[in-house]
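Reading through the structure tokens given below for one structure.
The values are calculated or read from the model by the stated rules, or taken from the named source; none is laboratory data. Since we're looking at a predicted model, the values are computed, not measured. As a convention, Cβ positions derive from the backbone with ideal geometry for all residues, glycine included, and neighbour counts pool all protein chains shown. With ligands, DNA and RNA removed, areas are computed over all heavy atoms of the protein, side chains included. Shrake-Rupley method; radii C 1.70, N 1.55, O 1.52, S 1.80 Å.
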Amino acid sequence: MSEASETLFSKIVRREIPADIVYEDELAIAFRDINAQAPVHILVIPKKPIPKLSDAEPDDGALLGHLLLTVQRVAAQEGLTRGYRTVINTGEDGGQTVHHLHLHILGGRAMKWPPG
Ligand code: 5GP
């Protein structure tokens, strides 16, 4: 079993722990972050347990594109017409705490730059 297949996000995919799921298809699932940092804070993850972006392989290209299009779809569904921020934290210095690739969608307020 790979590192990511044992994370709590895989348990959300398998419905073993509850989550507020806002979108799902055969490749991806999106659910609200339990510790929201903005009025809208959603995580988009692949069902395939890729631990982090740097572990993705060339064959994952279509899946990675699908995740970005899922971000676009979910943001539209949430009515984020003024824009939103998309974040992928990778590894220790990236601030990644859950080792299953995920794309944050943050919206509903103006974001600041640079991030901390
Ligand atoms: P990271 O820091 O790895 O980029 O982001 C992990 C995110 O997962 C954090 O924003 C954190 O609040 C969220 N998170 C951690 N545990 C859970 C959980 O059990 N359910 C949900 N919905 N989000 C979680």
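Annotations for the structure displayed:
- Among residues of segment 84-108, those that are in a loop (DSSP other than H, G, I, E, B) and closer than 16 Å to residue 37 by Cβ, counted: 8
- Restricting 70, 90 to residues that are among the hydroxyl-bearing types (Ser, Thr, Tyr) and either surrounded by fewer than 16 Cβ atoms within 10 Å (Cβ to Cβ) or more than 23 Å from residue 115 (Cβ to Cβ) (or both) narrows the list to 90.
- Cβ pairs under 6 Å, 6+ apart, first in segment 91-116 and farther than 17 Å from residue 7 by Cα, second in a strand (DSSP E or B) and of a type in the set (Lys, Arg): 106/85; 111/85
- Qualifying position, being in a strand (DSSP E or B), in contact with a strand residue (DSSP E or B) (Cβ under 9 Å, 6 or more places away or on another chain) and either more than 8 Å from the ligand (Cβ to nearest atom) or modelled with pLDDT of 95 or more (or both), among 42, 12: 42
- Candidates 94, 116, filtered to the one that is at pLDDT below 95 and within 15 Å of the ligand (Cβ to nearest atom): 116
This table checks each residue for (1) part of a helix (DSSP H, G or I); (2) acidic (Asp, Glu); (3) surrounded by 12 or more Cβ atoms within 10 Å (Cβ to Cβ); (4) touching a Gly at 6+ places or on another chain (Cβ under 6 Å).
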| residue | (1), (2), (3), (4) |
| --- | --- |
| 19 | no, no, yes, no |
| 26 | no, yes, no, no |
| 54 | yes, no, no, no |
| 60 | yes, yes, yes, no |
| 80 | no, no, yes, yes |
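Residue-wise test of (1) open to solvent by 10 Å² or more (accessible area, probe 1.4 Å); (2) away from the ligand (no atom under 12 Å from the Cβ); (3) at pLDDT below 95.
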position	(1), (2), (3)
3	yes, yes, yes
16	yes, no, no
35	yes, no, no
47	yes, yes, no
50	no, yes, no
